[in-house]
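None of the figures in this text is laboratory data; all of them are computed from the coordinates on show. Note that the structure is a prediction, hence the values are computed from the model and not measured. Backbone-built Cβ (ideal geometry, glycine too); neighbour counts: all protein chains shown.
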Amino acid sequence: MDAFLVSTGIVGLAEIGDKTQLLAFLLAARFRRPLPIVFGIFVATVFNHAFAAAVGSLVSELLGPGVMRWVLGLSFLGMAAWIMVPDEVDADDTPLARYGVFLTTLLAFFVAEMGDKTQVATVALAARYESMAAIVAGTTFGMMLANVPAVYFGERIAGREPLKLVHGIAAVIFAVLGIATLLGMGAGLGF
């Protein structure tokens, strides 16, 4: 249960203001058909994060615990810095709508998530926890918590989100996890 809850919280926070959340706003405004957009986000996230979790599990098997501690600690510190860089998405970055709402969303989200903060976080979490299923479920749930409201309430909530505050809180959480992991205190926190 820890893997699921930690994954949900980390990805949910990291996704606020992320380029894929901005993409969700864009797709909702463009298509005005929330259900196929939400389903496309879900399917793309499951596939993308399952791949990331598999990579994380493989990395944890190849590296010893001492090396993994440093890799995870530095990854979390990198995520803390990276999360403070605001993302932007350009309307021209989305695939053409000729494929329909669902397929356009699925393709756009899958590609946008490649190498994204939440995918890197999924790799790191899978390297730490043994349950790939809990990681994929948690990271997917975190993505959905951040993106479903963006699809349904996009224009109404876009201007009200204190993005700098949310990014700051998420960066502090990642920094604390990184420092705790590097100092060997992560075991008590689940890292």
Table column - 3J(HN,Hα) (Hz), the range 6-13, Karplus curve with 6.51, -1.76, 1.60, x for Gly and Pro: 5, 4, 4, x, 5, 6, x, 5
In order through the range 107-119: 3J(HN,Hα) via Karplus (6.51 cos²θ - 1.76 cosθ + 1.60), integer Hz, x for Gly, Pro: 5, 4, 5, 4, 5, 5, 7, 4, x, 7, 3, 5, 6
Highest to lowest packing among 52-59, 135-142, 19-26, scored as the average C-beta count within 10 Å: 135-142, 19-26, 52-59
Residue-span extension gain [Tyr152 to Ala175] - 0.36 nm each, minus C-alpha spacing: 5.1 nm
Global form of the range 9-63, assessed from the alpha-carbon gyration tensor, a/c cut-off 1.5: prolate
Cβ crowding within 10 Å averaged over residues, with 39-46, 10-17 ranked highest first: 10-17, 39-46
Rough spin-label spacing in nm, given labels placed 7 Å along Cα→Cβ, for Leu103 and Glu130: 4.3
